[in-house]
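K.L.:
Once you've had a glance at the structure underneath, I'll fire off some questions.
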Amino acid sequence: MVAVQMQDDLRRVLDDEGKLLQGVKVPQLSEDTLGQIFDVMLMVRVMDDRMMRLQRQGRLGFYMKAIGEEASHFAVAPLRPTDWVFPSYREQGAWFWRGYTVTNFINQLFGNELDPVKGRQMPVHHTARDLNLVSISSPVGTQIPQAVGAAHAAKIMGKDDVAMTFFGEGTSSTGEFHVAMNFAGVYKAPVVFVCRNNGWAISVAANRQTAAKTFASKAVGYGMPGIRVDGNDVLAMIQVSTEAIDRARGGDGPTLIEALTYRVQGHSSSDDPSVYRDPHEPDAWEKRDPLNRFRTYLKHIGLWSEELEAGITERHNQAISDALAAADKLGPPPIESMFEEVYEEMPWHIAEQRDWLLRQARTKSPHAH
Amino acid sequence: MPTMNIIEAVRDALRIEMRRDQRVVVLGEDVGKFGGVFRATSGLYDEFGADRVIDTPLAEAGIIGTAIGMALYGMRPVPEIQFGDFIFPAFDQIVNELAKFRYRSGGQYPCPVVIRTPVGGGIRGGHYHSQSPEALFIHTPGLKVVAPSNPYDAKGLLLACMRQNDPVLFMEPKRIYRASRGEVPEGEYTLEIGKAAVVREGTHCTLLAYSGMVSIAEEAAKKGEAEGVSIEVVDLRTLMPYDIDTILASVKKTGRCVVVHEAPRTCGFGAELIAAIQERAMDHLEAPILRVTGFDTPFPYTLEHEYLPNADRVLGTVRQTLEW
């Protein structure tokens, strides 16, 4: 059996005020990288704010914010571009970090003719093959065994790529989570599991998902380390993730990371948390806001100023405004595209159905904006 | 030309493709040293090793889920589900993931996984070793469903499946895994996916069958011939996409049609075939299209011989169309 490392303590690098803790491992990041992290965290914050406002104005069908959880996305920061990410639906930062463009992000939300997935999925279900970011699906947990398969394939093919997968604590209740953890342990697959424990699975609190003391402890049964980390501390996220990625790439197998964070707002634009939780519950977490803590840290080391942040925010806002203006001029994908890529080549019955539809009078979408 | 049974033909196809293409891997329960409970992968472990003939933990969702990840990464996994009856823990991975990856990613992520699984009854296996779940998968856009009835087709179709880029459910007729024996060319050949075969020509009525029911249809045709009834038997071979042209040509020729399948009747594949034929060939039909199928019950153990279609019932149903 593999010796299992287990810790109930949270790994942290920054305290709640954004000061470096003494005697902890700190990730070795250049000033440039620290600046890029702050830049992308701000992008998530600005994008989420803008998109939610559009949704509330009735101009966007659906959205999912990540406010308060942005730091957890940076588990991807130590990955190489050749490594693979199997995301859930709330890791915007991982996408922007890997180079997903604001234009693609926004075109996907609108499902327009330039949407990378051609209007075939509802908002926030992105795909970027060129960035090794795998297509998102809505049923939770399905991506976890897929990540194990990709990692195992890399190992079989003699490559040193690593796969990372994200999911929420509610997803740890699915069969797929346990199946995938078990396969990964048995195969010693180079995979990193990142569980974003944000306290809530829509309306159900984390204590209704498990009777275990921590989600990280589930790793024990599968012969891998389970690490608990302050998911609102971006430096701790990167440190813990670096260790897990190194472990995977070095042939020592998988790691489960539980990133303790908090879903400050609703599950999605369709949710209303006031129905099921104390409206003051988020207050304590707002003090641990990951962006604030990182900002304070950068200020301590002389890498932050109000002008700098204002500049970045302005740049992001401009990019979003430009992408929205461009998207405004775009129409829906052509009708034919509905029938394409079901298979590599279109079979006769789908061609017949397409031709039939094209002969019908056009139907107006009741959801057109 | 050597003769092989279906198991040997499947194994031959796997071996040829694994030698030709390093990306092809076999995974599943007991497929390694043991060679599978039906021995389809026997000898592959010794030749290709544990990395390419993978004994998985016992969890179908994990077998298919990991196979998907392997395919996305660039491999060509050929997972085995030990019995078709055990496929349902992987249903979500097959229906919502595997079959949808290409489409939902805007064509960015093809997912070439060929799932092999034995189906059908007649082996005294009861409900959990006998089912024919094809309709559930034919009803799944994005998935191809292939169901050979003999060794020659099994090898040629399996090779074709492993060389194209869509996910396939490859259903093998376990009752005749060994009983069906025939000439199979050595080395490589492929059969076109989506093409049916007229395995016996006739003029009075068309029998549409696939998988384990083709031999039953042929037996009925032989009996019919002795009684002056000329029956044409079409082996569909691929169920999705099915070969509408061959089906229509035969039905237009004979003017009558009976569909035979083991699966339950209601919403079975026969229902789709009949709808498709009557939409396109109403003027050619001399009688309603009838079905001989399994019943809308769970698959029984003791009474499976009563449950399964047989040649007499098929011939009797053909006579019904003749007497219309």
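K.L.:
The stretch B:32-103: Rg/Rh from Cα coordinates, Kirkwood Rh?
P.N.:
0.98
K.L.:
Also: Net charge near A:TRP348: determine it from the other residues with C-beta under 10 Å of the C-beta of A:TRP348, scoring Lys and Arg +1 and Asp and Glu -1.
P.N.:
It works out to a net charge of -3.
K.L.:
Which ³J(HN,Hα) values in Hz, rounded to whole numbers, follow from the phi angles of the stretch A:105-112 under the Karplus curve 6.51 cos²θ - 1.76 cosθ + 1.60, where θ = phi - 60° and Gly and Pro get x?
P.N.:
Residue by residue, the stretch A:105-112 yields 4, 6, 4, 5, 4, 8, x, 8 Hz.
K.L.:
Let me ask something else. So what is the orientation-averaged projected area of the protein assembly as shown, using the convex hull of its C-alpha atoms, in nm²?
P.N.:
33.3 nm²
K.L.:
Grab the alpha carbons of chain A, take their convex hull, and tell me the volume per residue in Å³.
P.N.:
Given the Cα convex hull of chain A, per-residue volume reads 155 Å³.
K.L.:
I'd like the orientation of helix A:306-328 relative to chain A: the angle between its Cα long axis and the longest Cα principal axis, in ° from 0 to 90, rounded to 10.
P.N.:
20 degrees
K.L.:
Please give every one of the lysines within straight-line cross-link reach of A:LYS159, meaning a C-alpha to C-alpha distance under 20 Å, and leave out same-chain neighbours fewer than 8 residues apart.
P.N.:
Output for A:LYS159: A:LYS188.
K.L.:
Something else: Just from its helices, what would the mean residue ellipticity at 222 nm be for chain B, if runs of 4 or more DSSP H residues each count -39500 (n - 2.57) and the sum is divided by every residue, rounded to the nearest 500 deg cm²/dmol?
P.N.:
Here the helix-only value at 222 nm equals -10000 deg cm²/dmol.
K.L.:
Another question, if that's okay. Just to verify a number: FRET efficiency for A:ARG59 and B:ARG313, C-beta to C-beta distance, R0 = 60 Å, to 0.05?
P.N.:
Once rounded, the FRET efficiency stands at 0.45.
K.L.:
Okay, moving on. First check a/c for the stretch A:1-149, with a ≥ b ≥ c the square roots of the eigenvalues of its C-alpha gyration tensor; if it is under 1.5, answer rounded, and if not, answer prolate when a/b is larger than b/c or oblate otherwise.
P.N.:
Taking the square roots of the gyration eigenvalues as a ≥ b ≥ c, the stretch A:1-149 is prolate.
K.L.:
First compute the accessible area of the protein assembly as shown with a 1.4 Å probe, then give the percent of it belonging to carbon and sulfur atoms.
P.N.:
Accessible surface attributable to carbon and sulfur in the protein assembly as shown totals 51 percent.
K.L.:
Could you check the simple spin-label distance between A:LYS25 and A:ASP283, using points 7 Å along Cα→Cβ, in nm with one decimal?
P.N.:
3.8 nm
K.L.:
List the extent of the Cα atoms of chain B along each of their three principal axes, largest first, rounded to whole Å.
P.N.:
Answer, in whole Å and largest first: 59, 42, 39 Å.
K.L.:
I would also like to ask the following. Restricting to lysine pairs 8 or more places apart or on different chains, what number in chain B have Cα atoms under 18 Å apart?
P.N.:
Qualifying lysine pairs in chain B: 6.
K.L.:
Let me ask you something else. Nearest 10 degrees is fine. How inclined is helix A:234-249 to the longest principal axis of chain A, computing both from alpha carbons?
P.N.:
Helix A:234-249 and the main axis of chain A meet at about 90 degrees.
K.L.:
Next up: What lysines does A:LYS287 reach when the alpha-carbon gap must be under 18 Å and sequence neighbours fewer than 8 apart in one chain are set aside?
P.N.:
Hits, sequence-local ones excluded: A:LYS19, A:LYS299.
K.L.:
Quick check: the distance between the Cα centres of the stretch A:154-219 and the stretch A:25-49, to the nearest angstrom?
P.N.:
Centre-to-centre distance over Cα atoms comes out at 25 Å.
K.L.:
Sticking with the crude label model, points 7 Å out along Cα→Cβ, report the distance from A:ASP130 to B:LEU322 in nm, one decimal please.
P.N.:
Label-label distance for A:ASP130 and B:LEU322, simple model: 6.6 nm.
K.L.:
Report the B-A buried area as the accessible area lost on both sides summed, probe 1.4 Å, in Å² to the nearest 100.
P.N.:
3800 Å²
K.L.:
At q = 0.19, 0.24 Å⁻¹, what is the base-10 log of I(q)/I(0) for the stretch A:221-317 according to the Debye formula with one equal point scatterer per Cα and no solvent? Please give it to two decimals.
P.N.:
-1.04, -1.14
K.L.:
May I ask you to list the GluC sites (Glu not before Pro) in the stretch B:191-289 that are in a DSSP loop and have at most 14 other Cβ atoms within 10 Å of their Cβ?
P.N.:
B:GLU192, B:GLU201, B:GLU227, B:GLU286
K.L.:
Determine how large the accessible area of A:ARG354 is when every protein chain is in place; take a 1.4 Å probe and give Å² rounded to the nearest 10.
P.N.:
60 Å²
K.L.:
Still on this structure: Got a sec? What order do A:LEU330, B:LEU191, B:LEU58 fall in by accessible area at 1.4 Å, biggest, i.e. largest, first?
P.N.:
So the residues, ranked largest to smallest area, are B:LEU58, A:LEU330, B:LEU191.
K.L.:
Determine the order of A:ARG208, B:ARG163, B:ARG181, A:ARG293 by accessible area, beginning with the largest, at a probe radius of 1.4 Å.
P.N.:
Ranked from most to least accessible, the order is A:ARG208, B:ARG181, B:ARG163, A:ARG293.
K.L.:
Once phi is turned into θ = phi - 60°, what whole-Hz ³J(HN,Hα) does the Karplus curve with 6.51, -1.76 and 1.60 give for every residue of the stretch B:281-286, x standing for Gly and Pro?
P.N.:
Values, residue by residue: 9, 3, 5, 8, 7, 9 Hz.
K.L.:
Okay, which of the stretch A:184-205 sit inside 17 Å, backbone N to the point 7 Å along the Cα-Cβ direction of A:ASP272?
P.N.:
A:202-204
K.L.:
Now a separate question. Radius of gyration and Dmax for the stretch B:47-193's Cα atoms, expressed in Å?
P.N.:
Looking at the stretch B:47-193, its Cα Rg and Dmax stand at 15.2, 45 Å.
K.L.:
Next question, about the same structure. Could you tell me the center-to-center distance, by alpha carbons, between the stretch B:103-130 and the stretch A:74-90 in angstrom?
P.N.:
31 Å
K.L.:
Decide, for the stretch B:197-322, between rounded, prolate and oblate: order the square roots of the alpha carbon gyration tensor eigenvalues as a ≥ b ≥ c, take rounded if a/c falls under 1.5, and otherwise choose prolate if a/b is larger than b/c, else oblate.
P.N.:
oblate
K.L.:
With a cap of 13 neighbouring Cβ atoms within 10 Å, and only residues DSSP puts in a loop, list the trypsin sites (Lys or Arg not before Pro) found in the stretch B:29-104.
P.N.:
Qualifying residues, ordered by number: B:LYS33.
K.L.:
Using alpha carbons only, how many angstrom separate the centre of the stretch B:168-215 from the centre of the stretch B:244-303?
P.N.:
17 Å
The values are calculated or read from the model by the stated rules, or taken from the named source; none is laboratory data. The structure displayed is predicted, hence computed values, not measured ones. So basically every Cβ, Gly included, is an ideal-geometry build from the backbone, and we count neighbours across all protein chains shown. Keep in mind that these areas ignore ligands, DNA and RNA; they rest on the heavy atoms of the full protein, side chains included. Shrake-Rupley method; radii C 1.70, N 1.55, O 1.52, S 1.80 Å.
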